[in-house]
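Note sheet for the following structure.
The values are calculated or read from the model by the stated rules, or taken from the named source; none is laboratory data. In this text, all values refer to a predicted model and were calculated from it rather than measured experimentally. Neighbour counts run over all protein chains shown; Cβ positions are idealised from the backbone, glycine included.
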Amino acid sequence: MRFLRVRTLPDRCHRCGFCTSVNICYSAGVGYCTGCLSCYWACPYEAKVIEEVEEERKLIRIEVDGVEVQVPEGITVLRALELLGYRVTVFPERGEKVVNAPCRTGSCWACAVVINGELERSCITPVREGMKVSTDVKGKEPLRVVHGPQPHPVGGKGTPWWEKRKGRYIEVAIWVGGCNLRCPQCQNYFVTYDNTSTPMTPKEAARLVTYYRRKYGVNGLAISGGEPTINRKWLVEYFRELRRLNPDKKARLHLDSNGTVLTPDYIDELVEAGCNNIGVEPKALYVDTYMRITGIADRELAEKYLQTAWNAVKYIIDHYRDRVYLGVGFVYNSALISREEIVKMGEKLASWDPEVQVCVLDYFPAFRRRDLVRPPPSEMLEIKKLLNDVGLKYVIVQTSIGHFGP
């Protein structure tokens, strides 16, 4: 049988400690690399390589949804479920014999199942002899790695532009682990690939954010990541609890998202739960550019992600103009996207609604793209002018010396 495993290249390893403190291996004591690939995706220096091996492994007995089965040792619970006919998806889907595993790094907890009575991540947990697995998680509170809360003086792509001028804290924010993209220049990779921090329930996170809202006297309550939307159950319950704790009209419940899984029914559910401020970041217009920025090598998946993000923007404009404040995120670095494409993105958005807020992020060297050169403020101001010239009224650009807006 064929198995995947990951090997470390000594000449590339910088002994940075990332794989021993932030994104750790959960295969210790199993005798095999389980091939979960978490460390491969998380290594900042690309010191990990994937190998495919053909070998015989003994079968062990586990119980899955009340049925005793045999599976090869040295694999993850998620892989075992795949071998047993369960469908593994990257989009948040519901149904029997479906497991959502969008990040596969152990950070988002969307793939969690009940293992020996406790909620645990199937994507990084090795199978063990006698293990009892249940894919029915009813009655178990969802979990998620959470960083923060922290006060923020600027906010995110969906934060209303007039609040960014205040020069003081305007939001409290949390950042959740896990992402379905593989951006080589990930600006927040210590959060995105964190599979070691103690996870929180939605209620715990909502209570913390509410406490810090009162402490700092702000109205913005933001969640970013990573990618918040890939654990749908957690996120919807989080907004419901946040709205319950913050029923006043001034409370701005802010979601910052890459938009890749924000389908119309998901948006409806979030708005119903209390979310009234959404930032969506399509990142690009063309699929080739999107693949370059996001690291998604599967073209069909990249097309689906990109189209879903743009459709989310249009859906919010068409259906929630009066209930949701929308911000749209563009990204810019000449090494990743051209000015011509940025202009085309602006023209597309302006044709839908010229008054939609746009925030352009200046991508800088980070994670695996340490060779990027951050655009100077003058270049970002030129991008702002280009977008204003196509009819967009509210354009903000992030620069190394601060944000410049309308």
Task: The listed residue being in contact (Cβ under 8 Å) with a residue 40 or more places away in the chain, in a strand (DSSP E or B) and more than 23 Å from residue 178 (Cβ to Cβ), out of 68, 51 - done: 51
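Only one of 263, 210, 192 is surrounded by 20 or more Cβ atoms within 10 Å (Cβ to Cβ), touching a residue at least 24 places away in the same chain (Cβ under 8 Å) and assigned by TED's automatic domain parsing to the domain that holds residue 288. Can you tell me which? Talk me through it step by step, then tell me what you get.
Details: 263 fails: surrounded by 20 or more Cβ atoms within 10 Å (Cβ to Cβ); 210 fails: surrounded by 20 or more Cβ atoms within 10 Å (Cβ to Cβ).
Of 263, 210, 192, the one residue that is surrounded by 20 or more Cβ atoms within 10 Å (Cβ to Cβ), touching a residue at least 24 places away in the same chain (Cβ under 8 Å) and assigned by TED's automatic domain parsing to the domain that holds residue 288 is 192.
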TODO: Might you check whether a residue that is charged (D, E, K, R) and touching a Pro at 6+ places or on another chain (Cβ under 6 Å) occurs anywhere in the stretch 149-160?
DONE: no
TODO: Any chance you could count how many residues in the stretch 141-174 are buried (at least 16 other Cβ atoms within 10 Å of the Cβ) and farther than 16 Å from residue 404 by Cα?
DONE: 16
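Return the only residue of 278, 293 being crowded, with 23+ Cβ neighbours inside 10 Å and at pLDDT 95 or above. Working first, answer last.
Values: 293 fails: crowded, with 23+ Cβ neighbours inside 10 Å.
Going through 278, 293 in turn, just one is crowded, with 23+ Cβ neighbours inside 10 Å and at pLDDT 95 or above: 278.
Just checking, does the stretch 161-184 include any residue being of a type in the set (Gly, Ala, Ser), farther than 30 Å from residue 333 by Cβ and part of a loop (DSSP other than H, G, I, E, B)?
Applying the first criterion (of a type in the set (Gly, Ala, Ser)) to the stretch 161-184 yields 167, 173, 177-178.
The next check asks that each one be farther than 30 Å from residue 333 by Cβ; those that pass are none.
For the stretch 161-184, residues of a type in the set (Gly, Ala, Ser), farther than 30 Å from residue 333 by Cβ and part of a loop (DSSP other than H, G, I, E, B): absent.
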TODO: Please work out which residue is modelled with the lowest pLDDT, limiting yourself to the stretch 58-108 and to residues that are at positive phi and surrounded by fewer than 22 Cβ atoms within 10 Å (Cβ to Cβ).
DONE: 95
Open item on the list: Cβ-Cβ distance below 6 Å, separation of 6 or more or different chains: which pairs start in the stretch 141-168 with a residue that is in the same structural domain as residue 237 (by TED's automatic domain parsing) and end on one that is buried (at least 19 other Cβ atoms within 10 Å of the Cβ) and at pLDDT below 90?
Closed with: 154/164
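Just to check your reading of the model, which residue among 331, 343 is assigned by TED's automatic domain parsing to the domain that holds residue 226, without any contact (Cβ under 8 Å) to a residue 60 or more places away in the chain, among the aliphatic types (A, V, I, L, M) and surrounded by 17 or more Cβ atoms within 10 Å (Cβ to Cβ)? Working first, answer last.
Working: 343 fails: surrounded by 17 or more Cβ atoms within 10 Å (Cβ to Cβ).
When all the criteria are applied, what remains is 331.
Look through 381, 372 and report the one residue that is assigned to a loop (DSSP other than H, G, I, E, B), over 25 Å from residue 277 (Cβ atoms) and aliphatic (A, V, I, L, M). Break it down stepwise before answering.
Details: 381 fails: assigned to a loop (DSSP other than H, G, I, E, B).
Just a single option satisfies the conditions, and that option is 372.
Residues checked against (1) among the aliphatic types (A, V, I, L, M); (2) touching a Phe, Trp or Tyr at 6+ places or on another chain (Cβ under 7 Å); (3) touching a residue at least 24 places away in the same chain (Cβ under 8 Å); (4) more than 25 Å from residue 239 (Cβ to Cβ):
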residue: 327; (1), (2), (3), (4): no, no, yes, no
residue: 348; (1), (2), (3), (4): no, no, yes, yes
residue: 351; (1), (2), (3), (4): no, no, no, yes
residue: 365; (1), (2), (3), (4): no, no, yes, yes
residue: 369; (1), (2), (3), (4): no, no, yes, yes
residue: 386; (1), (2), (3), (4): yes, no, yes, yes
residue: 392; (1), (2), (3), (4): yes, no, yes, yes
residue: 398; (1), (2), (3), (4): no, no, yes, yes
residue: 404; (1), (2), (3), (4): no, no, yes, yes
